[in-house]
Each structure stands twice: as C-alpha cells, then as structure tokens.
C-alpha cells in the first residue's frame, strides 16, 4: 500500500517546497490515541519535577535546532527571519515558564475541609480536593504563529505541564517546520526516559484528520486556534460526541479600539502612525489585530484620518501566509469595498497584497453588522461617530472579542468610565493607551473572551492560567493519609499552597 | 386572551392539588430575559456586601415561610416532613454560606503582574485580572430536592453571589412550593431595595419553555440537575446556539462501590445494612445513590448478600416523586429483571413501589453495558467478581460518575492503591469507608465528574467553588488606578487575597 503524501508550498512563489509529508488519517489517529492512553496514567502521575525537566529539555532541543527551524519556517510562512527567531525564543520561554508552573502547586487548587466528627445532626467528613490531568488531549496548530501557537506552542506546553499526553494536528501550511519540531520532542522524551507516545504529531491536508481526532473517544479535550468557520465545525463535533469534551477554541476577534476626543486632539497624528503599525504587524495576521477603530468626528479626527491614509499608501506589499489566505483576503476586500457606504484606501505595492483601510460612518456600520467579521490580512476599518453618545451606543452591539482598547487622556476619564463596563462585557482583555497586538505570556494575561473570541470564555489560551484547561477537580472523602495523593497528605510533602477551611495557608516557596 | 394553567399532582394519590399555575412560554422567557438584562449591569456592580445582604434576607424570608413551604412541598413530593424541614435548613444554610462567599474575594481570582518598563526587547506591561459575572443565567429546578436543588437551591444562590440575575425554570412537579419560594425572593428584593427582575420564576409543563430559555440570546449560562435524556437535549440546544454558552448539567451517575476482601470478612453484615440504607435513602431518588456494588466471591460475600436480601425484603413501600418517575421505575425494573443473567430480589410492600436488588456476575455485567444506566428509585445491583483482578479490570470500563466508593481495611490497602487511580479517572468524589449519599456543602466538595455525571467536568454544582461557574476572567492592561475596578486597585481597598507575580499575597481577613 502506498501512503499518500503532500508537499508544503512557498507562499512567496506558490511553488512546492522540498520534502514530502504523510497524509495521515483516522487509523493514525486511533493508533496515536491508543498509544497515548497506554501511558496516560504513568504520565499523569510523573512528578512535577519530571514534567518540568521534559519541558526544559524540549526547549533545549528546539534551541539546538534553531537555525533549521527558522530557515524552514521562513520558507513555509514567508514571515521574516527576525520575527521567526523572536517567535522561537517566545516558544522556548513558554516551555520554560510552564516547566516552572508544573513544579508550583497553585494550579492544583488544593482545598481541605477539617472534619468535625461530633457535629450535629451529622458528622462533617474530612474532604480534600485537588485538580488532576484529564488524559490525552488534542492540539491544533495555527498557521499564523508556526512556532508559538503551533506544534510546540502554548497549548502543548500547558497540557504537558498538567500531565496530559498531547496529539498535535500539524497545520498543513508548515509541515516541514512541525516535522523538525516534532523530532525535538522525540529527542527530549528519549533524553528524559519518557515514552514516545507522550507526544505525537499527525500531519495531513484533509478535514477528516482533524475530525477523527476531535471525535476519538480517548481524547478528553481540544485546544484550537484558527478561523470561526473551521473552529466552529470542530467545536460542534466535540459537543455532539456521546461524551462531549471541552473544546478550547480561539476563533477570531475584531479587537475594537475607541479613541476619545481629548486624546485625539492631543495625539491624533501619533495614534494614526501607531495604528497602522499595529494593524500591519505580521501582515495583519495577528488574532489581536485592531480590526475596527471608533472615532468621533472633529477637525483632529480629520487630520488623524489624513495621516492614516498617507501611512497606508506608503506601505510595501505583504506576502500572506498561504495562497488560500491571500485569495480570501482579496475577495473579502473586493466584496466589502464594493459597498457604496464604505470608502476604501489602498497602498499600491509592486509585489504582494495591498494594505487596505476602510472608512465609514456609524450609521453605515449599524446597517452592516457583517462588517464585524474579521478579515485576516493588512486591513482595518475606521468608523466615524457623530458624538460620544453615538460611540457608546455602538459599543453595546459588538461581538465578543479578545481585546478592547481605550485611548484616553485624563480629560476623557469621565467618558472612559461610561465605556469601560461595556468593554468588560465584550472582551477578555482591556488595553489602555496602547495597541492590542503583543500578548504578554504572564500570570495575569487573558487571551480569550466571549464567543467567538473563545468557545470557553472562562479560559485563557495564553499565560500561566492556561494550564487549568487540562484539569478537573477530584475530592477525597475520609481517605487515610497513606492512600491520599501527595498534594493532599497532611504533612504537605510537596509544599503547595493550600486553602484550609476557606483560609489560604500561605507558602511562599511558590 | 385566557392564559392556560396547570395543577400540581399529589404523587401519593395521583389527584390534582389545589392551586393553578400559569403555563408560561417563550414570550414570558423573552420578557424575563429582557428585564434581567436591563438591571444586569447594575446587579453585577453591586457591592459584595449588598449581594450578601440579599442572600441572607432571602434565607430569612424562607425561614419565615417555613411551615407553608414544608407543608406544600410534602403534598407535592410525598417526601417526609422531617426530610423537608432538614432540606429547607440546608437551603437557607447554602444561601448564608454564599452570602459569606460573596464578601470574600478568592472567587475573583485577582492576579497582578508588575510592569517592567525597561525590559528588553519590549516593555512588560502592567496587567491585572479578576473574574466578573457573566450576566443573566438560567437555572432548572430538580424534582428530587424541591428546595435545596430547586428554585432557591445552590445554583441560584451561587449565581446571585457572583452577581448574575437568575431566571429559574421551576420543576412542574412542585409548582406550589416554587411559587411560595419565589414570593420570598420578591420580598427579599424589595427589602433590599433591589429590582425585582434580579430573580424570575417561570412555570409550565411544556418542553418549549425550557428550550426557549436555553436558547434566549440574553442568557449567558445554564445550571441544570436532572436526567440524562432531558439534560442532554438542553445541553445540545445550548451548544448549537449562534453563541454557545456554558451548560452546567448534572445528569446522572451509577456511583459504584467497591468492597475489598478483608473489609468484607470483617464487616460484611454491617456493610449490607448500611448499603440498603444508603440506596433507599430518599426512596433511591438521590443522584448519589449507590447504583452498583462490586464484590468478590467468598463465603463472607455470600453472607453479605444474604443480609442484603433480608434487609430488602423487610423494606416498606416507597411513594416516588411523580407518577412519571414511578412508571419509569416499574418498567425499567421489569425490563432489566427479564434478563436471564440477572437475579431480582424485591420487597412486597402493601403500598407504593417495591425495593429491588439485582444480583449478577462480572461476566454478565460485561455483556450488558446498558446496566450502567441509572434507574431512579429504590434499586441497586450487586456484581460478584471472580477475584480482585476481575474487579480491577471491570473498573476501567465504568462511565463517568459523581462518586466512587471504596470499602477497605488496612490489609486491603495494596489493592486499594491499584483501584484508586482508576476511580480518580471516572469520578468527581472518592468516598472511603462510607457511602456516597450525603453531600457536604463545603469548600472542598466536588459534585460533578466526567460525563454524564457533569457536562462540565471541571466544575462542581455543590460547595463554595460552585460560584466559579458564573464567572469569566477579564485582564486590564496599563489601566490607570482611577479607572480600575476596586478589586484591582493598587491599595486593595476590598482587601482581597491577590497573587502578585505568581506569589500569593496572603490576607487572612478572608
């Protein structure tokens, strides 16, 4: 039997690249899942230190292959070398951060209730709870961050830290990059004397591969970053399984920006330049791209718009990640631009796709709710409102988003106070006097938000809290100390922070 | 227009009870949701102390109506007066506990990252996150706890504590009880000078009512306790909305019990009596009823079974909660009992339904996976395994469950250690040398578990952590102190426990 294969495509030339990759399918999913299940219990019960050493070793192995990884990713994604070097550093930093998180106990949420044997009318039992790993999970690589949100990205790092074996469905736009990264996992697992089936990369261009993965009964949760269309289809499959499973999908966002009047007067020119820089970063292929800016009509605003137009027209061309993304970008721009109530300003590059700015009024925005849909690529829309009341009214009708940004001076604070509660209800992160692109990987980050920003708005896919997606609580009632897991033993041998009878018992080893 | 009405039915006599209740439908849902949304922002931003005072006032109002509530609940549920008095006390205790929780800050998960303005290559921003209320939520009352898991139950108490307006779909088995309880909410809201639309009770017997509620775009989450059949249908609706929402459904559990051999020798007789008491508690209509007991064939086990048979045959009859539950119980018993590979022992009561015990072998159990399905009512099944390996092998094939119980002596600990990791993977709570009925309302409780025990295995529907179901995180990047919510201000005016740069800053006011 000949196994089918596929090639990567250079988005700059649209030619095939060297290297053939297997078209894997449902039998490969079954093999990977069955193998993962066989070692799932062993991996769940490894010490946090062991998992930390695995994550650090993966980071070391990636560093050792830095040159190869960046070179291949550059060919497959058309992203600049400096950006990819930075992204690899972010990827290894994430792995090392989750190595640290694994050894800290807070994510296990250890809570103890002291028994009261003589309570009337019923004794109060000894109850202790902590979080345990869910079992084998699936991760879908994203096209726009071929390293930090892909094979070795934050989903994989956080799931391994939690103790879940991971099966990655590699993104077909960068199979060669994923292949080198997967070989680093294989090396690291061998160096750490852990079974290979802790991590599996599956490759292929068919939808069936991802569908089979999400539906496999052994898979207990899914991490996904990508489009609303593809993500919602997989979400629906995950929810319609006999046993539905959590599907952590980050599906898209408009990331609205609100510029308040005094700020506009004071800094309109500079804001215009910052905005164009943010919306074209990564060729507008960031999930946090500012996709719509709300401004209030004024002289300062006219000048702001004029600066933006100049900046847009000066833009070089962009090579998008895949020819599919490029085709979709061009057709969406054409379609939206054909509407009479919107104005389109474009750059005129010699190569690649043009940078596009749409301008419209609040009334036209209200009449065209489809304009809230994200267009992937170097494009954004500026909506001119008649006054602040008009802006505030519009803000109530925005879809869920990863971010909402407020540009305001001290003199705008009274208006800001009216907008903030609305923004809290529609976004996972509120940015003040900055731009939404650039997502810090830290403890307090929230990369999520109401649907479609996330299919699980109570979660974040970036930052240390992302580990909680791969866990569930278990309570133990009246277990003798000898039978309790180490995190819950009375003497606290792992030295984790515990909440006892509702009071946090501090432990600042952490 | 005449509005249709319905009556409650006395399950003991199957006669209509006094009192007519409105058959509400989708227009009532729309009115309730729209009204809830109007005050949602105001309610979300009330002080924790204000919400605590509301919860305590509701508890006071329920106490003031204790006699009426218990009397009506007795008529509608056929549950004994003492049980209902106890359940009302539990209900008011839950409300008061969530009043306390509301004023403690831990559920807001306050996390701060200190900025590093001169970090290279990029400045680290000031990031602060906390949890906020989701908005209006729906709660479905359960039939088997007409007070503690119904209109004023744990779902409602935890959602109000979080700051979410609540719309309850009352269970049609006890509309009069729900009606009195709802009048206590109305009084309490008035006493606390809060808008009435913080809480709405909707009543009716149609499926359309619940369906309209789950699908209403204003509703942001659902709490449900009930059957797999009904719960899964509503879960599917919630997930197929344009904006899917979290559906916290507790749908059913077999609650397996494992008795290890030395324990059986030492205490078989006493275990037999405890088991029959636990399985018949509340006429076997507890979600934590031990639905299957695994034992190992032995002389001690024979004696254990013989004691159970005696206990079963001595049982009085049971009046089940509704005639629907009774019909289903009788037909499920008949159907399962007709199988040749299972043995059925019954009581012979003069009134009501009989208590039933099924006995079978591990082989027959393997051949009939449908026996894992919960039968609501005073019934359980004992499965005799050939040896411990047989028992251990069976344990790997159990559905998700609220609880798993281990009965073991010190001499059984080596076997217990082999079973425990398997039980952790299938249950939300592990009970040692006890019985699963009886769910403590405390900090460490987990009432949930892998599907179908819960549609959201990372959550609990009982205990203080239940508040987290109604929240989602928001991060604030570089917001000036003046614009930050109080929980996140630098001076910590609400005095909540905070995690700063990954380190818990203790605050034992809490």
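Rule-based calculations on the coordinates, nothing more; no lab input. Here the structure is a predicted model, which means the values were calculated and not measured. No Cβ is skipped: glycine too gets one built from the backbone with ideal geometry, and neighbour counts run over all protein chains shown.
Label points for residue A:31 are taken 7 Å from Cα along Cα→Cβ. From this copy to the others they lie 6.3 nm apart, shortest first. Principal-axis analysis of the Cα atoms of chain A puts helix A:413-426 at an angle of about 50° to the longest axis.
Placing a label point 7 Å from Cα along the Cα-to-Cβ direction at residue A:123 gives distances to the equivalent points in the other copies of 6.0 nm, listed shortest first. Between the alpha-carbon centres of segment B:125-158 and segment B:21-99 there is a gap of 12 Å. With the cut-off at 56 Å, report for the protein assembly as shown the share of all Cα pairs above it, as a whole percent. When all Cα pairs of the protein assembly as shown are counted, 15 percent exceed 56 Å.
With an a/c value of 1.5 or above and a/b not larger than b/c for the gyration tensor axes a ≥ b ≥ c computed over the alpha-carbon atoms, segment B:126-231 is described as oblate.
One quarter of the convex hull surface built on the alpha carbon atoms of segment B:263-405 amounts to 8.1 nm², the projected area averaged over directions. How high is the FRET efficiency from residue B:64 to residue B:331, r the C-beta distance, R0 60 Å, rounded to 0.05? Calculated transfer efficiency: 0.90. If you take the square roots of the eigenvalues of the alpha-carbon gyration tensor of segment A:317-363 and sort them as a ≥ b ≥ c, do you get rounded (a/c under 1.5), prolate (a/b over b/c) or oblate? Here segment A:317-363 falls in the prolate category. Applying D = kT/(6 pi eta Rh) to segment B:360-417, where Rh is the Kirkwood radius over alpha-carbon pairs, T corresponds to 20 °C and eta to 1.002 mPa s, the Stokes-Einstein value obtained is 164 µm²/s. Ordering of A:459-467, A:119-127 by packing is A:459-467, A:119-127, highest average first (other Cβ atoms within 10 Å, averaged per residue). Per residue of A:110-117, other chain Cβ atoms within 10 Å of the residue Cβ number 3 on average. Classified by the C-alpha gyration tensor, segment A:66-105 has a prolate form. Its axis ratio a/c, with a ≥ b ≥ c, is 1.5 or above, and a/b is larger than b/c.
Cα centroids of segment B:400-450 and segment A:190-258: 31 Å apart. Taking each residue as 0.36 nm, the span from residue B:124 to residue B:81 lengthens on full extension beyond its C-alpha to C-alpha distance by 9.3 nm. Across peptide B:423-432, the average count of Cβ atoms from other chains found within 10 Å of a residue's Cβ is 6. Once the mean of 1/r is taken over each pair of separate Cα atoms and inverted, chain B shows a Kirkwood hydrodynamic radius of 24.4 Å. Protection proxy ranking for A:375-381, B:273-279, B:314-320, using the average of other Cβ atoms within 10 Å per residue and placing the highest first: A:375-381, B:273-279, B:314-320.
In this rough spin-label picture, where each label sits 7 Å from Cα along the Cβ direction, the residue B:505-residue B:100 distance is 2.6 nm.
Relative to the dominant Cα principal axis of chain B, helix B:81-103 is inclined by about 30°. To the nearest µm²/s, what D does Stokes-Einstein give for segment A:1-147 at 20 °C and 1.002 mPa s, using the Kirkwood radius over alpha carbon pairs as Rh? Estimated diffusion coefficient is 109 µm²/s. Considering all different alpha carbon pairs of segment B:446-494, the Kirkwood hydrodynamic radius works out to 13.4 Å. What average number of partner chain Cβ atoms lie no more than 10 Å from the Cβ of the residues making up B:231-241? Counting other chains' Cβ atoms within 10 Å and averaging over B:231-241 gives 2.
Computed from the C-beta positions of residue A:42 and residue A:190 and an R0 of 22 Å, the FRET efficiency is 0.90 to the nearest 0.05.
For residue A:343, the point set 7 Å out from Cα toward Cβ sits 8.9 nm from its twins in the other copies, listed from shortest up. Against the main long axis of the alpha-carbon atoms of chain A, helix A:26-44 sits at an angle near 60°. Counting only Cα atoms, segment A:343-465 measures 43, 38, 28 Å along its principal axes, largest extent leading.
For chain B, the 222 nm mean residue ellipticity estimated from helices alone, with every DSSP H stretch of n ≥ 4 adding -39500 (n - 2.57) and the total spread over all residues, rounds to -12500 deg cm²/dmol.
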